[in-house]
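The values are calculated or read from the model by the stated rules, or taken from the named source; none is laboratory data. Because the structure is predicted, anything quoted here is derived from the model rather than measured. Methodologically, a virtual Cβ is constructed for each residue, glycine included, from the backbone with ideal geometry; neighbour enumeration extends over all protein chains shown. We work out accessible area using only protein heavy atoms, side chains counted, and drop any ligands, DNA or RNA first. Shrake-Rupley method; radii C 1.70, N 1.55, O 1.52, S 1.80 Å.
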Amino acid sequence: MAKKKQQGGGGAPDWLVTFADLMSLLVCFFVLIISFSIQDKEKLQVVAGSMREAFGVKETSRRTGIIEVEGIPIRDYMKDISQVEQENDSDFSQERHEKRRKQGPEANTHDTLEAEIEKPRQFATAAASLRQAWQEMPEITEISSNIILEETEDGLNIMLVDQDGRSMFREGSKYPYETTRRLIAKMAPVLAQMPNRVEITGHTTAGQQTSNPGYTGWDLSSERANIARQILAEYGVPEDQFFAVIGKADTEPLFPNDPYLAANRRIGILLKAEEPPVPPGHKL
C-alpha cells in the first residue's frame, strides 16, 4: 500500500516556530534591561518628576500659591485676613517703645512675651499687604502658582518659584522676565515699611546646564538674588535693611525627593524674625 505524502511542502514544525518566537521575545527583553541599566539618570528623574506631578502621585506635597488660597502663611488665624492700616501698626509700635522706656529694665520679661505676639501680627499684616499689592497686577491669576508665602522660625519667607512651562527668570540668565520684575517691585513698598531686615537667596535645580562651563549654579543663583535686591532697592527698600544676598545653587531643593523639579529653581525673600539692629551709640 502506498504511503501518503506529507502536506505542507516540508515547512518547519510548529514547535520550532513557537520556540523562535520565544527567543525573539527574550532578546527584546534583555535589550530593554540593558537600555534601562545605561540610561541617563538625570533625564530619567526629570521625566519621572514630571509624570508624578502630572498624574498627581507625587510623594512630596505640593505647595500652593498664595493668591489661590486665602491662607498662607500657614497659621489658621491668618486665613481670610483683611488689609490692616499701616498707621495703626506704627502707632502700636511707638506706644510699645514708649512704654518700655518708662518701665525700665524690669519690663524685659513682659516685653519678650509682647514681642512674641507682635511678630506674627506684623507678618500677617505684611502678608495681607503683599497680596493686595499683587492683586493689582492684571496677570496675577496666571502667575499666582509661582508665589509662595511661608512663615518659618526664621521669619516670613516669600518665594518666587518656577513651574513647568512658566519660569520667573530667562533660562540660564540672571535677568528676570518683565512680569517677575513688576512682581518684585510691588513688594518693595510693603517691605520698606517693616522694621525687619531682608535676606535674599537664589536657588537652582540639580543638573543646571550653562553655555559657559566656568559659570556654575553658584554664580547664577547669587546673581539672580542680587538682581532681586537691586529691584527692591530701586523701588524703595533702604540699603541698610538688607541683611544678606546669598546664592545656594542646588544645595537646598524645595522638594528634596525630586531635585530636578522646576519648582526647586526659585528666589527666596526672607523677612527676618528678629529685632532690628540697635543704632550705634544708642543705649537700651
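Between a first residue in the stretch 223-235 that is open to solvent by 50 Å² or more (accessible area, probe 1.4 Å) and a second residue that is at pLDDT below 95, which pairs have beta carbons less than 7 Å apart while being 6 or more apart in sequence or on different chains?
Listed pairs, sorted by first residue: 223/174.
Can you name the residue in the stretch 253-270 that is over 18 Å from residue 165 (Cβ atoms) and at pLDDT below 95 and is also surrounded by the fewest Cβ atoms within 10 Å (Cβ to Cβ) among such residues?
The selected residue is 256.
Do you know which of the residues in the stretch 135-154 that are crowded, with 20+ Cβ neighbours inside 10 Å and more than 15 Å from residue 177 (Cα to Cα) is modelled with the lowest pLDDT?
In this case the residue turns out to be 151.
Identify, from the list 233, 228, 206, the residue that is under 14 Å from residue 268 (Cα atoms) and either touching a Pro at 6+ places or on another chain (Cβ under 9 Å) or modelled with pLDDT of 95 or more (or both).
Result: 228 is the single residue among 233, 228, 206 that is under 14 Å from residue 268 (Cα atoms) and either touching a Pro at 6+ places or on another chain (Cβ under 9 Å) or modelled with pLDDT of 95 or more (or both).
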